[in-house]
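Data block below; observations after.
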Amino acid sequence: MNSENKTTRREFVKNAGVLTGGVMAMPMLSQANFFSGAEDTIKVALIGCGGRGTGAAMQACLTKQNVKLVAMADAFRDRIDKCYKSLTTEKNEEGSSRNIKNRIDVPEERKYTGFDAYKKAISHADVVILATPPGFRPIHFEEAIAMGKHVFMEKPVATDPAGIKKVLDAAEIAKQKKLNVIVGLQRHYQDSYRALYAKKNLIGEITSAQAWWNNDGVWVNPRKYNQTEMEYQMRNWYYFNWLCGDHIVEQHIHNIDVVNWFKGTFPVKAQGMGGREVRKGKDHGEIYDHHYVEFHYPDGAILNSQCRHIPGTMSKVDELLTGTKGKIFCGAATIQDHTGKLLFQFDKKTDNNPYQAEHDELFAAIAKGEYKFADTENGAKSTMTAIMGRMATYSGKVMEWDKLLASGISIMPKEFDWNALPPTVPDEDGKYPIAKPGVTKYF
Ligand SMILES: NC(=O)c1ccc[n+]([C@@H]2O[C@H](COP(=O)([O-])OP(=O)(O)OC[C@H]3O[C@@H](n4cnc5c(N)ncnc54)[C@H](O)[C@@H]3O)[C@@H](O)[C@H]2O)c1
C-alpha cells in the first residue's frame, strides 16, 4: 500500500478516467453523498468466474458502497453460469445479510466467453476483478490499466519472468493514472498480520525465516474424450506451469510474501531441491509435489521455504521470523524473546476476514476519490520470488534475481486458440516432460 493520497473526486475521476455514468456532471457533494445515488454506482467486471472469482465478486458486492457487477468473462460458458447462479441464488435468501441479488446486473449480452472475453467485460467497468489462473494475469492486468480501471487481482500475478516484467511495466502506468490496485495477498489485510508487522521491531533485525505450505494438494480435472489439448489444460490448469506456475508459486507465495513483507525487501538468489514422489498420474501434468528452497536476502538473511502436496504427510501452513532479539510466530500471532518470554500476543478470536477487508478498503477508497493502493510491485516481486524458487528446484542450480528478471523467459503459448498447441504436450503415453535437476537448464 502506498501512503494515503487524497485528491478531489473531480481530479480523481479525470486522472483515472473512470467512474462513468453521469458522475462527471455531478455537483461536488460532501464525501458521504458521493455514492448514494444510482448514478454513483461503481461498476465491476469479473474476469475468471471460478471459485475465487465468485467469492471476490460476492465480497465486492457486500461492501458498503453502491457496487454493481455489470459484466462477466470466462473462458468457459458453464463457469459463468455456475458463478451467476451462485451470486444470484445460493445462500442469497431475501433478508439474508449476504443477499446481493440486487447488485448483480449482468444481462446475457454482458456475459462473454473465450480468450478475448476479458477485453469486452473490462470495457463496461470502473473496477475489474482478475481471478483467472495466473498465467493470464499479465495480459489482463495490462489491458485493465490501459483502459483506466481500478483493479483487484488475485495472486500470483504471473508464471514467468516475462509476465512479471509486463506487470511491473503496467504498475508504473497504474501509478501515473492513480488507479488503485489491490493484490489478493490477503495477509496484508488481516488484522493479526498487521499487528505483528507493527510490532516487528521487538525481534530486532530479522536474520532468518521459515515458511511452510505443506498439505494434501488440490483438485484434479481428468481429461475428457472430446477435449482439445488446449481445453484440457485450461480445465486442469493447476498442473501446467504456463497457467499455474507450480504450487510453490500458486499457494506458497502467500508465505514467501509474508517474509518479503517483514524483511522489507526481496531475495537476490535462491537454490533448492524438489521433485514428484506421488504426483505421477497423467492428469498431474508437469508440476512437482514438493520443493525446498533457500532464499538469500541482500543482507545475508536466509528464508528456508518448504511446500509439499503429499496426502498423509504433516500439514502446516505458516511463517516464522527469527531476529536478533526474538521470534515472530505468524500462525499463533505471538512474539517471543529468545528465552521464550511472551512479548506480544494478538487475540486471534478478534481477527477479521481479510478477503472481505480487501474489498471494503478498496471500494471505500474509490468512493472517496482516494488513491490509496498500489500493491502491484509487491505482488509482482513476491510472485517473482516464488518463480525463482521453482526455477531453482527444477534446475538444481543457483538462480539469481537480476539475471532471471532480465532473461525475458516466457513459458506462455504463442497463440490462444482452442485448437492451438500449448507450450507443453504429452508423449504417446500421455505423460508430460518433467523438469529434471541437473538436466533442465535456463541459461
Ligand atoms: N488469495 C487466495 O487465498 C486465493 C484462494 C483461491 C484462489 N486464488 C487465486 O485465484 C485465481 C483463480 O483460482 P480459482 O481457485 O478461482 O480457480 P478456478 O479454476 O475455480 O477459476 C478460474 C476461472 O478462470 C477461468 N479462466 C481461465 N482462463 C481464462 C481466460 N483466459 N479468460 C477468462 N477466464 C479464464 C476458468 O475457466 C475458471 O472459471 C488463482 O490465481 C488462484 O491462485 C487465491
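Of note:
- Checking Trp242, Trp237, Trp213, Trp219 one by one, the residue that is among the aromatic types (Phe, Trp, Tyr), surrounded by fewer than 17 Cβ atoms within 10 Å (Cβ to Cβ) and modelled with pLDDT of 95 or more is Trp219 and no other.
- Check on Asn226, farther than 29 Å from Ile409 by Cα, assigned to a loop (DSSP other than H, G, I, E, B) and either touching a strand residue (DSSP E or B) at 6+ places or on another chain (Cβ under 7 Å) or polar (S, T, N, Q) (or both): yes
- Take the conditions (1) within 30 Å of Ala386 (Cα to Cα); (2) surrounded by 23 or more Cβ atoms within 10 Å (Cβ to Cβ); (3) of a type in the set (A, V, I, L, M, F, W, C); Ala71 misses just one of them, which is (1).
- Unique match (being open to solvent by less than 10 Å² (accessible area, probe 1.4 Å), within 16 Å of the ligand (Cβ to nearest atom) and not acidic (Asp, Glu)) among Ile164, Ile203: Ile164
- Hits in the range 224-234 - residues which are within 12 Å of the ligand (Cβ to nearest atom) and either touching a Ser or Thr at 6+ places or on another chain (Cβ under 9 Å) or open to solvent by less than 30 Å² (accessible area, probe 1.4 Å) (or both): Met230, Gln233, Met234
- Per the conditions (1) under 30 Å from Ala162 (Cβ atoms); (2) not in a strand (DSSP E or B), the sole criterion not satisfied by Ala332 is (1).
- Close pairs from the range 256-278: first farther than 15 Å from Lys397 by Cα, partner crowded, with 24+ Cβ neighbours inside 10 Å and among the hydrophobic types (A, V, I, L, M, F, W, C), Cβ under 6 Å, at least 6 apart: Ile256/Ala211; Ile256/Ala386; Asp257/Leu185; Val259/Ala209; Val259/Ala211; Val259/Leu303; Phe262/Leu321; Pro267/Phe295
- Looking across the range 172-200, the residues that are surrounded by 22 or more Cβ atoms within 10 Å (Cβ to Cβ) and aliphatic (A, V, I, L, M) come down to Ala174, Leu179, Val181, Ile182, Val183, Leu185, Leu196.
- Entirely in the range 345-425, the helices (runs of 4 or more DSSP H) that have 3 or more residues that are in contact with an Asp or Glu (Cβ under 9 Å, 6 or more places away or on another chain) and either modelled with pLDDT under 95 or open to solvent by less than 70 Å² (accessible area, probe 1.4 Å) (or both): 354-368, 376-395
- Residue in the range 95-106 that is over 19 Å from the mean Cα position of the chain (by Cα) and either surrounded by 23 or more Cβ atoms within 10 Å (Cβ to Cβ) or within 15 Å of the ligand (Cβ to nearest atom) (or both) present: yes
The values are calculated or read from the model by the stated rules, or taken from the named source; none is laboratory data. Predicted, not measured: the structure shown is a model, and the values here were computed from it. Because the Cβ atoms are built from the backbone with ideal geometry, glycine has one as well, and the counts that use them run over all protein chains shown. Calculation scope for accessible area: heavy atoms of the full protein, side chains included, ligands and nucleic acids excluded. Shrake-Rupley method; radii C 1.70, N 1.55, O 1.52, S 1.80 Å.
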